[in-house]
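Only one structure is covered here, and it is reproduced in the block below.
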Amino acid sequence: MFPCERCGACCQSVGRSEAYRDLDRGDGACRHYDDATHLCRIYDHRPLRCNVDAFYDAFLSDKIPYKDYVAQNRDACQELRAALAQNKRKRQSMQDAAGIEER
Ligand code: SF4
C-alpha cells in the first residue's frame with residue numbers, strides 16, 4: 001500500500017496538472033479537499049486517478065515495478081510540498097510587505 005502521509009499536498013495542487021485540473025476549485029486545490037482536516041471529503045469514492053494503488057493495478061502493473069512507481073510518487077509528493085511551501089513563503093512575504101495578516 002502506498003505510504004501516504006496525508007499531508008494534502010497533492011490535493012492542494014490539482015491546478016498544476018492537466019490530468020486533475022477539472023477538480024480545481026479555483027485556487028489550485030481540489031473542490032473535495034477539506035482545508036481543516038487536510039483530507040478528502042469523498043475519499044471512499046474518490047476518482048481512480050486519486051487512488052495511487054488502484055491506479056497502479058488498473059494501468060501500470062505490467063509496465064513498471066511497484067517499488068519504482070512508489071518512489072516516483074514519493075518524489076512527486078516532495079516536489080509538491082516544496083512548491084506549496086515556497087508559495088506560502090511568497091504569500092507571507094507579500095502580506096508582510098503590505099501589512100496584511102493571514103486569515
Ligand atoms: S478527489 Fe479527493 S483525493 Fe482526489 S484530489 Fe480531490 S481531495 Fe484529493
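So if I place +1 on the C-beta of Lys and Arg and -1 on the C-beta of Asp and Glu, and nothing else carries charge, what would the dipole magnitude of region 14-97 be about its Cα centre? I want it in debye, nearest 20.
For region 14-97, the charge dipole is close to 320 debye.
What FRET efficiency, computed as 1/(1 + (r/R0)^6) with R0 = 25 Å and r the Cβ-Cβ distance, is obtained for Lys63 and Glu5, rounded to the nearest 0.05? Step by step, r from the Cβ atoms, then E = 0.45. Taking the alpha-carbon distance from Lys67 and a cut-off under 16 Å, which aspartates and glutamates remain once sequence neighbours fewer than 8 residues away in the same chain are dropped? Output for Lys67: Asp53, Asp57, Asp75. When the trypsin sites (Lys or Arg not before Pro) in region 1-32 are filtered for DSSP coil states and for at most 16 other beta-carbon atoms within 10 Å of their beta-carbon, the remaining sites are Arg6, Arg25, Arg31.
When you filter the trypsin sites (Lys or Arg not before Pro) in region 47-96 for DSSP loop state and at most 14 other Cβ atoms inside 10 Å of their Cβ, you are left with Lys63. Enter the angle in degrees (range 0 to 90, nearest 10) between the Cα long axis of helix 66-98 and the first principal axis of the Cα atoms of the chain, meaning the one along which they spread out most. Around 10 degrees separate the two axes.
Would you work out the relative contact order for the chain, in percent, from Cα pairs under 8 angstrom that are 6 or more residues apart? List each step's numbers first, then the result.
Working: 68 pairs, mean separation 21.2, N = 103.
Relative contact order here is 21 percent.
Taken together, the values in this text are just the output of simple stated rules run on the coordinates, not laboratory data. Nothing here was measured: the structure is a model prediction, and the numbers come from that model. Using ideal geometry, Cβ is built from the backbone for each residue, glycine included, and neighbour counts are taken over all protein chains shown.
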